[in-house]
Amino acid sequence: MRIIKNYLYNAGYQVLLLLLPVITAPYVSRVLGPNGVGTYSYTFSILSYFNLFGTLGLTIYGNRQIAYFQNDMKQRSQIFWEVFFLRIITLLIAEVVFLFLVPFGQMHFYSDFQVQSLILL
């Protein structure tokens, strides 16, 4: 029963991931206009590189390690918190590097980059 319940939750989540952009994209593009959507896409694409650095594949590593120690509650908890804090540290480093490098780039997008930097946090 747990497997079916887990499968249904996961399937619902995947459907939501597919449908939500279809519903919100027309509204956002109408409100922001062509220039706003382009600015958002440009700044988000650059921020994505810093997000990739910040996560460093820790999600896959954490899942693998927790699955390996699934029967040992103490070890599993320790691994969870280690991966959690490592992810916080790497994302904070990515945030600092991002905020340091932004002023040297496109200055007319500076405020957009600052707002987008909240994604890293």
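The values are calculated or read from the model by the stated rules, or taken from the named source; none is laboratory data. It should be emphasised that the depicted structure is a prediction, and the values quoted were computed from it without experimental measurement. Please note: Cβ atoms are built from the backbone with ideal geometry, for glycine as well, and neighbour counts cover all protein chains shown. Remember, those area values only see protein heavy atoms, side chains included, never the ligands or the DNA or RNA. Shrake-Rupley method; radii C 1.70, N 1.55, O 1.52, S 1.80 Å.
Farthest towards the positive end of the charge dipole of the chain, among the residues L17, I4, N35, is the Cα of I4, using unit charges on the Cβ of Lys, Arg, Asp and Glu. Across region 80-112, the residues whose backbone nitrogen lies under 15 Å from the label position 7 Å along the beta-carbon direction of Y61 are 80-94.
Protein heavy-atom surface of the chain, 1.4 angstrom probe: 70% of the accessible area is carbon and sulfur, with nucleic acids and ligands not counted.
Sites listed here are chymotrypsin sites (Phe, Trp or Tyr not before Pro) in region 21-95 whose DSSP assignment is loop and whose Cβ has at most 16 other Cβ atoms within 10 Å: F69. Where only DSSP H runs of four or more residues are counted, the chain gives -29500 deg cm²/dmol as its mean residue ellipticity at 222 nm, each run worth -39500 (n - 2.57). Summarising the label geometry, the points placed 7 Å from Cα in the beta-carbon direction at L16 and L101 lie 3.3 nm from one another. Note on region 64-121: with charges restricted to the Cβ of Lys and Arg (+1) and Asp and Glu (-1), its dipole about the Cα centre is near 260 debye. Based on Cα contacts under 8 Å between residues 6+ apart, the chain shows a relative contact order of 30 percent. Entry for region 1-44 at q = 0.21, 0.33, 0.34 Å⁻¹: log10 I(q)/I(0) = -0.72, -1.01, -1.03, Debye formula applied to identical alpha-carbon scatterers, no solvent contribution.
If you model the chain as an ellipsoid using its alpha carbon gyration tensor, with each semi-axis the square root of five times an eigenvalue, the axes come out at 34, 24, 8 Å, biggest first. Rounded to the nearest 20, the Cβ-based charge dipole of the chain about its Cα centre (Lys and Arg +1, Asp and Glu -1) stands at 460 debye.
Rounded to the nearest 10 degrees, the inclination of helix 73-101 to the longest alpha-carbon principal axis of the chain is 10 degrees. R87 sits with roughly 90 Å² accessible to a 1.4 Å probe, with DNA, RNA and ligands left out of the calculation. Taking a Cβ cut-off of under 15 Å around G36, the surrounding Lys, Arg, Asp and Glu residues balance to a net charge of 0, with basic ones at +1 and acidic ones at -1. Taken as Cα centroids, region 1-80 and region 81-121 sit 18 Å apart, rounded to the nearest whole angstrom. Within the shell of other residues whose beta carbon sits under 12 angstrom from the beta carbon of V83, the net charge comes to +2, with Lys and Arg scored +1 and Asp and Glu -1. Based on the convex hull around the alpha carbon atoms, region 28-99 presents an average projected area of 6.3 nm². Here S48 sits with roughly 40 square angstrom of accessible surface, probe radius 1.4 Å.
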